[in-house]
1. Ordered by packing density, taken as the mean number of other Cβ atoms within 10 Å over each peptide's residues, highest first, how do 2-11, 73-82 rank?
2. Considering only A266, G12, V135, whose Cα is most displaced toward the positive end of the charge dipole of the chain, charges sitting on Cβ of Lys, Arg (+1) and Asp, Glu (-1)?
3. If you put +1 on each Lys and Arg Cβ and -1 on each Asp and Glu Cβ, how big is the dipole of the chain around its Cα centre, in Debye rounded to 20?
4. Across all directions of projection, what mean area in square nanometres is found for the Cα convex hull of region 132-238?
5. Which of rounded, prolate or oblate describes region 434-521 when judged by the alpha-carbon gyration tensor and an a/c cut-off of 1.5?
6. Once label points are set 7 Å from the Cα along Cα→Cβ at both R380 and R129, what is their separation, rounded to one decimal in nm?
7. Would you please classify the overall shape of region 3-119 from the alpha carbon gyration tensor, given that a ≥ b ≥ c denote the square roots of the eigenvalues, rounded means a/c under 1.5, and beyond that prolate means a/b larger than b/c while oblate covers the rest?
8. Pairs of Cα atoms under 8 Å, at least six residues apart: use those to get the relative contact order of region 3-119, whole percent.
Amino acid sequence: MTPANLPSIAVGALPPPRAEVLAAREALSEAVHGRLSTEEVDRLSYARDLWPLALLWGRQGRTPPPPDAVVWPGTDEEVSAVIALARARRLAVIPYGAGSGVCGGTWALQGGLTLDLKRFDSIGEVDARARTVEVGAGVLGETLERRLNARGFTLGHFPSSISTSTVGGWLAARSAGQFSSKYGKIEDMLLSARVVLGTGEQVVLPERPFSGPDLAPLLVGSEGTLCAFTRAKLRVFPLPGGRAFHGFSFGSVSDGLEAIRRIFRAGLRPAVVRLYDPFDTAFVGGGGAKQSPVTPPSLRGAFGQVWAPRLLRQVTRQTLGHPAVMNQLQRVFRKSRLIVMFEGSERRVLEDDRAATRLCQQLGAEDLGEAPGRAWLAKRYDVSYRMSRLIESGTFADTMEIAAPWEAVQRVYEAVHQAASRFAFVLCHFSHAYAEGCSLYFSFVGSGGSEEEMESRYHQLWGAALRAAVGAGGNVSHHHGVGVLKAEVLREALGGGFVVLQSLKRRFDPDGVMNPGKLGL
């Protein structure tokens with residue numbers, strides 16, 4: 001099953017729960033002490049995540065196929081019992097955190113049971129000496145970070161979805177936060193975990209570091225296809241004593257990328273680096289620290305609420321319906337803006353900031369001071385709330401995050417830009433940098449003459465852009481996961497390695513009940 005031929009149903013026409021689920025209802029309800037629902041409102045609520053394809057469908061009154069039932073276990077034993085029952089009756093099980101994924105990772109492609117893990121919401125005491133904390137898989141990221149901050153610590157993990165994503169979801173999707181260049185991705189913070197496999201077995205992963213094979217890298221990023229995470233022991237860090245912000249303007253993308261490469265190869269570790277390509281610099285990255293003006297009274301009435309949105313829909317359809325022309329305008333822009341932020345001890349961040357500034361100036365960068373960095377930090381989560389507005393305006397919008405080694409980054413950028421420009425307006429920024437390479441975060445906005453044309457263009461865009469990235473030396477995903485959206489290209493990219501993934505699936509989930517259809521499994 002590919003994204004282009006996924007089934008959908010009318011929102012008001014949900015099919016009834018499957019007979020095999022209704023037959024197992026009593027046993028399932030007993031396993032979770034009555035915390036089970038087959039009500040239509042619950043099934044509809046869990047039918048989708050935040051994949052923009054579902055947002056497009058929602059505008060058309062369509063929705064992905066719903067699960068047949070939702071269960072809310074609260075202990076490892078209850079999770080184990082549910083999976084064992086599902087295995088015996090060949091029912092699909094979809095582990096669910098907070099539903100903020102953007103790749104269809106929680107879609108019930110074969111119906112079955114949605115396993116909501118938010119009752120695993122405990123946060124243990126911080127071990128200040130060991131700098132660790134034990135956390136339930138259902139804990140929301142913002143809740144955890146606030147609790148740690150109150151004790152003088154931070155996890156250092158700040159995904160854009162921090163208020164609507166869980167620790168278990170982070171582990172399942174191999175999440176990265178905005179400060180990953182300093183603190184690493186979620187797998188770098190994981191010391192041990194409790195999981196329930198697709199066999200129903202409860203497993204405690206030994207605490208790292210230890211000698212011998214390490215199961216954690218096999219399970220982190222498996223997106224519910226091998227196991228359900230229930231608890232994790234994570235590394236934490238003292239709150240930083242100081243921060244240093246800096247913005248630079250470069251004459252080209254290539255100069256900005258070379259500056260980032262030199263910064264990391266010199267051993268510097270900024271918490272944040274973000275390089276905006278010329279169009280993204282002009283429209284997004286060029287913002288300063290000024291506040292947005294207050295909406296004038298004339299835009300608060302009928303014009304602002306009715307006519308302005310209608311006008312916007314017409315403008316976007318006419319302009320974004322011809323993306324090749326729109327993308328040609330990018331030739332007008334040349335400069336790329338880089339934002340750098342260091343955090344740690346006051347003395348160290350100032351030293352590192354001065355060293356990074358010298359490296360940037362050697363490449364002819366214009367020093368913009370600290371305002372661009374502070375402005376980004378103040379608004380860093382805003383973009384996550386703008387997608388629905390674009391969808392409502394009659395367009396489609398999405399983001400694609402991939403990664404590449406330094407020798408391929410420029411090539412991947414150009415290849416994806418060329419492939420995607422036929423179908424959508426394209427912007428890109430580079431972030432999540434490391435000594436070996438960095439992430440490329442593309443934004444796509446497009447339109448079409450009809451809903452059908454728009455959806456067709458959306459699927460063509462993804463097929464062309466993702467294959468261009470892999471063909472130029474990039475990977476399939478850096479931190480959003482794979483789900484259904486990228487499964488086909490992942491299988492192509494892994495080649496013979498996909499056989500290994502299938503072997504793991506047979507061992508950890510012999511009856512194939514865990515989140516079928518995701519990762520191509």
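1. Ranking, from highest mean packing down: 73-82, 2-11.
2. A266
3. 960 debye
4. 6.5 nm²
5. oblate
6. 3.2 nm
7. prolate
8. Computed value for region 3-119: 32 percent relative contact order.
Each value in this text was obtained by applying a stated rule to the coordinates, not by laboratory testing. Note that the structure is predicted; figures quoted are calculated from it, not measured. Here Cβ is always computed from backbone atoms with ideal geometry, including for glycine, and neighbour counts include all displayed protein chains.
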